[in-house]
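As structure tokens, the structure follows; a few thoughts come after it.
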Amino acid sequence: MRVMRLMVLFDLPTGNKKERKSYAEFRKFLIHDGYHMEQFSVYSRLLITRESSAMHIARLREHLPEAGEVTVIQMTEKQYEDRLVLLSEHKEKPVEESAQLTLVL
């Protein structure tokens, strides 16, 4: 069993009321479905197995807005932990440790 991350990056139009509503509904779906905001328009979700990513990608497809672009990236938890967060003025944001889950059978 390998713990995975699903990263969702999106660029959605917000030029009119209908587009802003669609953007807000998609963002609310992500939060309700267990995604964590990494940056504006970048969300991630912890997955217990690689196989569960197919289910979550299907759910994303069901909630796709009519316009815009959504990109999904799958990565291992190790790859996620090794990411760098670079900020202006050469200050690096400390990478938060992800919560480890323990399954007792």
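Things to note:
- Filtered residues of the stretch 1-30 (kept if more than 19 Å from V42 (Cβ to Cβ) and not charged (D, E, K, R)): M1, V3, G15, N16
- The set of residues in the stretch 22-57 being exposed (fewer than 13 other Cβ atoms within 10 Å of the Cβ) and modelled with pLDDT under 95 consists of Q39, F40, I48, T49, E51, A54, M55.
- Restricting the stretch 23-68 to residues that are farther than 20 Å from L12 by Cα and part of a helix (DSSP H, G or I), the residue that is nearest to the chain's Cα centre (by Cα): S53
- Test: T71 is more than 15 Å from M7 (Cβ to Cβ) and either in a loop (DSSP other than H, G, I, E, B) or in contact (Cβ under 8 Å) with a residue 12 or more places away in the chain (or both): no
- Residue within the stretch 2-22 that is under 28 Å from L86 (Cα atoms) and in a helix (DSSP H, G or I) present: no
- Test: L86 is modelled with pLDDT under 90 and within 18 Å of M4 (Cβ to Cβ): no
The values are calculated or read from the model by the stated rules, or taken from the named source; none is laboratory data. Just so it is clear, the model here is predicted, and its values are computed rather than measured. A quick note on method: Cβ atoms are made from the backbone with ideal geometry, for glycine too, and the neighbour counts reach across all protein chains shown.
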